[in-house]
Amino acid sequence: MNRLLTITALVLASQASAATLTVWNHFTDAAEVAWIRAQAAAFQKATGNTVNIVALPLDQIPDKLLQAAPKGQGPDMVVTLPQDRLGQLASAGVIEPLDKYLTSKTDLDKTAVSAMTYNGKLFGLPMFAESVALIYNKKIVKTAPTTWDEFIKVAQANTGNGKFGFLVDLNNAYANYGIFSAYGSYIFKNNGGTLNVKDVGIGNAGALKAVSLMNDLRYKYNLVPEGVTADAAKGAFVDGRLGMLITGPWDMGDIRKAGIDYGIANLPTPPGATSKWSPFVGVQGVILNAYGKNKTVAAQFAKMLVMQDSQASFNQAGGRIPVSLAARTKLKSNPIVQGFGKAISAGTPMPNVPQMGAIWGPWGSAVAQSVQKRTPDYRTILDGALKEVNSNIK
């Protein structure tokens, strides 16, 4: 839908009497702040409804909403909220289900929609997302490897004499989740959009294969030395000493500043995996206050923010990866949008339930232990983590 038709639809849908929307927003980048204010001004001009943008630190928004919403003191909407607190807010009844306000979700990335869905209901309109992907230096690796054998061959051929073919922080469970998912491991079993927190998959057969492969990257293939951190890997890449790196959009500013001729691709399917590599995806979306007095008008503004033109201009303001498929097409000349867009579409949303807090410590520790020496007792390590996780959840 083009901008003129969008504005026309908003005018037709506006209420007879103008409303005043209060929008909590956490953007601090000057260009993104200017963007949200421009969107508010355009909406106000089109509909006659006033939009007040209130700046708050992101880490304060969920708790303030929990306290204020039931008292009628909260905002009409929040732009934006990460999915990791979505389940808590939905369970508390302070955010509004949005399915009834949408006529179509076809333009929104399915992974992002899933991230904003809790117990089968959509509680947020996804606005942008991030994941890791395989970044490669085209001067060293001309084209991205498409098979695991090719990936290993290229990586080994470019390792030695102070240079590296491939690096990743093997201790980082988040960065390496795509390997777990490829082998059929999972955090919580997803049953038709509902996560079963009693079915934890970090110790299943797929998890064993995943940690074994990660161990191989260090001790069998001799690619990732001990002590490699995310910062060390990025440093080698921006110095031009690294062919391939697993990282996310947050490092692309430094990579571009270094003048690296880069490409972005998905990691090839690991050997013997039942599925393709599927990295964790973090999503932020627009949510509505369930106690708000102007939910219909707020939903109109929310829909405007996730439409093609708005998403494209938001990317141009701050570089966030849009979840509107039409916006990605519009930004087809942007390699960061295209590369990470494909990784996001292939990815798995990070669980949006409160029980995820019980996972990170034990699981992260188990992953780190699994790559500290050659072929440790993976079964004992993972069983111990699973036992601790289940105890924490109970």
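The values are calculated or read from the model by the stated rules, or taken from the named source; none is laboratory data. It should be emphasised that the depicted structure is a prediction, and the values quoted were computed from it without experimental measurement. Heads up, the Cβs are rebuilt from the backbone with ideal geometry, glycines too, and the neighbour counts pull from every protein chain shown. These area figures cover heavy atoms from the full protein model, side chains too; ligands, DNA and RNA do not enter into them. Shrake-Rupley method; radii C 1.70, N 1.55, O 1.52, S 1.80 Å.
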Would you be able to tell me the number of residues in the stretch 116-140 that are surrounded by fewer than 24 Cβ atoms within 10 Å (Cβ to Cβ), among the aliphatic types (A, V, I, L, M) and part of a loop (DSSP other than H, G, I, E, B)? 1
Just to check your reading of the model, which residue among 248, 203, 192 is within 26 Å of residue 389 (Cβ to Cβ), touching a residue at least 60 places away in the same chain (Cβ under 8 Å) and open to solvent by 60 Å² or more (accessible area, probe 1.4 Å)? 192
Only one residue in 178, 227, 235, 206 is part of a helix (DSSP H, G or I) and more than 13 Å from residue 270 (Cα to Cα), so which one is that? 235
Restricting the search to the stretch 93-104, which residues are open to solvent by 50 Å² or more (accessible area, probe 1.4 Å) and either modelled with pLDDT of 95 or more or in contact with a strand residue (DSSP E or B) (Cβ under 9 Å, 6 or more places away or on another chain) (or both)? 99
What helices (runs of 4 or more DSSP H) lie completely within the stretch 262-356 and have 1 or more residues being more than 30 Å from residue 392 (Cα to Cα) and free of Cβ contacts under 8 Å to residues at least 40 places away in the same chain? 308-318, 325-330, 335-345
Tell me, yes or no, whether the stretch 105-115 has at least one residue that is assigned to a loop (DSSP other than H, G, I, E, B), of a type in the set (S, T, N, Q) and either surrounded by fewer than 20 Cβ atoms within 10 Å (Cβ to Cβ) or touching a Leu at 6+ places or on another chain (Cβ under 6 Å) (or both). yes
Any residue at all in the stretch 78-89 that's open to solvent by 10 Å² or more (accessible area, probe 1.4 Å), among the hydrophobic types (A, V, I, L, M, F, W, C) and not in a helix (DSSP H, G or I)? no
Residue satisfying all of: in the stretch 114-161; hydrophobic (A, V, I, L, M, F, W, C) and free of Cβ contacts under 8 Å to residues at least 40 places away in the same chain; farthest from residue 266 (Cα to Cα) among these: 122
Unmet requirement for residue 365, which otherwise passes all of (1) part of a helix (DSSP H, G or I); (2) crowded, with 19+ Cβ neighbours inside 10 Å: (2)
Among (1) in a helix (DSSP H, G or I); (2) out of contact with any helix residue (DSSP H, G or I) (no Cβ under 9 Å at 6 or more places or on another chain), the one test that residue 189 misses: (1)
